[in-house]
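The values are calculated or read from the model by the stated rules, or taken from the named source; none is laboratory data. Quick caveat: nothing in here was measured; it's all calculated off a predicted structure. Cβ sites come from the backbone with ideal geometry, for glycine too, and all protein chains shown count toward neighbours. Only protein heavy atoms, including side chains, enter the accessible area calculation; ligands, DNA and RNA are left aside. Shrake-Rupley method; radii C 1.70, N 1.55, O 1.52, S 1.80 Å.
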Amino acid sequence: MSEKMLVTQALDERDLLVKKINDKIEKAGFVDTVRVNEEKVYEKRITREEFAKKANASWQQIQDLISRFQKIDAALVASNAATRITTSYGSFTVAGAISLRGRMRGTGSYEEEADFEERLRLKMKTEYEARVQLSELKNRQLQVTAENMRMSILGKDSKGKDDKPLEVVDVYVKENTTELADPLDVQKRMAELQEKRMAILTELDTQIKVSNATTFIEID
């Protein structure tokens, strides 16, 4: 006879089973030593017969718990592959949503390497800041050069001098000013990436929780 339960209940039991199974394995005794002329085993200090019973019982309990874990896990996998959720960014199976969430949080198989959106944003941010800094440095240097050119043209005392020769300095500054080559408007793109990332992660969290709290699975 099959057993019906909510996904949330199944997830809780699966987590509990992991702890139970490992606890049983840790506390179980399967092999001991015993002298030929003694009845009790060395480590457990119980009779051979009692030790054999306990070892077999521990083995069976662990196997039963593992079987239970496998049934629940298989039912969850099947449910996640069949159940769909809808977000403003599209429709996903629960399995696909969990995979996407893991990728975007850097907790999937490839860890941070597959968090493409965040890696792209950070690349743009680093490059943008470096280029802005370089532009400002070059333009400061240009202003120093321009000022030296003015001093050379006018001399220290510019009173009574004709200002027209200074036009060549203005042209020089204009032609040699460093500016950003920013065809994508990366600050806008970075903001879009961050906003979309936070929105979809929030939606995925919410929709997965709602789905888990309302979807039933059956355990044989």
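Which residue fluctuates the most in the chain, going by a Gaussian network model with Cα springs under 10 Å, if the choices are Lys164, Lys196, Lys27?
Highest fluctuation among the options: Lys164.
Give the aspartates and glutamates whose C-alpha is closer than 12 Å to that of Lys24, dropping any in the same chain fewer than 8 places away, or say none.
Leaving aside aspartates and glutamates fewer than 8 places away in the same chain, those within reach of Lys24 are Asp64.
Can you compute the FRET efficiency between Glu117 and Leu6 using 1/(1 + (r/R0)^6), with r the Cβ-Cβ distance and R0 = 41 Å? Round to the nearest 0.05.
0.80
Kindly provide log₁₀ I(q)/I(0) values, in the same order as q = 0.10, 0.13, 0.14 Å⁻¹, from the Debye equation applied to equal alpha-carbon scatterers of the chain.
For the chain, the Cα-only Debye profile gives -0.75, -0.93, -0.99.
Given the -39500 (n - 2.57) contribution per DSSP H run of 4+ residues, what per-residue ellipticity at 222 nm results for the chain, rounded to the nearest 500 deg cm²/dmol?
Calculated from helices alone, the mean residue ellipticity at 222 nm is -23500 deg cm²/dmol.
Quick check: pseudo-label points 7 Å beyond the Cα along Cα→Cβ at Val34 and Ser99, how many nm apart are they?
Here the modelled spin labels are 5.3 nm apart.
Starting from the Cα of Ser135, step 7 Å along the direction of its Cβ; do the same at Lys19; then give the gap between the two resulting points in nm.
5.6 nm
Over all distinct Cα pairs, what is the inverse of the mean 1/r for segment 24-117, reported as the Kirkwood hydrodynamic radius in Å?
17.6 Å
Roughly speaking, to the nearest percent, how much of the chain's 1.4 Å accessible area is carbon and sulfur?
Percent of accessible area from carbon and sulfur atoms in the chain: 52.
For each pair in Lys138/Lys188; Lys19/Lys44; Lys71/Lys209; Lys125/Lys174; Lys19/Lys209; Lys125/Lys188, compute the distance between the two Cα atoms and list the pairs where it is over 18 Å.
Result: Lys138/Lys188; Lys19/Lys44; Lys71/Lys209; Lys125/Lys174; Lys19/Lys209 exceed 18 Å.
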